[in-house]
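The values are calculated or read from the model by the stated rules, or taken from the named source; none is laboratory data. These figures come from a predicted structure and were not determined experimentally. Neighbour counts are summed over all protein chains in view; Cβ atoms, including those assigned to glycine, are modelled from backbone coordinates with ideal geometry. When the accessible area is computed, the model is the full protein with side chains, heavy atoms only, and any ligands, DNA or RNA have been set aside. Shrake-Rupley method; radii C 1.70, N 1.55, O 1.52, S 1.80 Å.
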Amino acid sequence: MRGPTEQEIRTRAYELWKDAGEPPGQMDQLWYKAERELLARKAANGEAHCDINGQDGPTPYPAKLRGVH
């Protein structure tokens with residue numbers, strides 16, 4: 001079983017950012033919030049176990065997105 005994909009996290013983080021009024025400088029926080037949300041959703045549906053993307057911790061915020069928002 002897998003955790004959320006980068007694209008799933010990216011999409012949810014963008015939705016959270018838009019819903020929050022597009023706040024500057026918060027995309028990395030929203031990225032991790034989206035990841036936790038998606039992981040919890042998948043776990044509740046029996047789709048994922050306790051690790052994220054086969055790692056022991058959160059996935060790194062993509063460097064290519066740093067400073068974009």
Which numbered condition trips up GLU15, out of (1) exposed (fewer than 14 other Cβ atoms within 10 Å of the Cβ); (2) part of a loop (DSSP other than H, G, I, E, B)?
(2)
Some residue of region 25-37 being in a loop (DSSP other than H, G, I, E, B) and either modelled with pLDDT under 95 or open to solvent by 30 Å² or more (accessible area, probe 1.4 Å) (or both)
yes
LEU65 - would you say it is modelled with pLDDT of 90 or more and hydrophobic (A, V, I, L, M, F, W, C)?
no
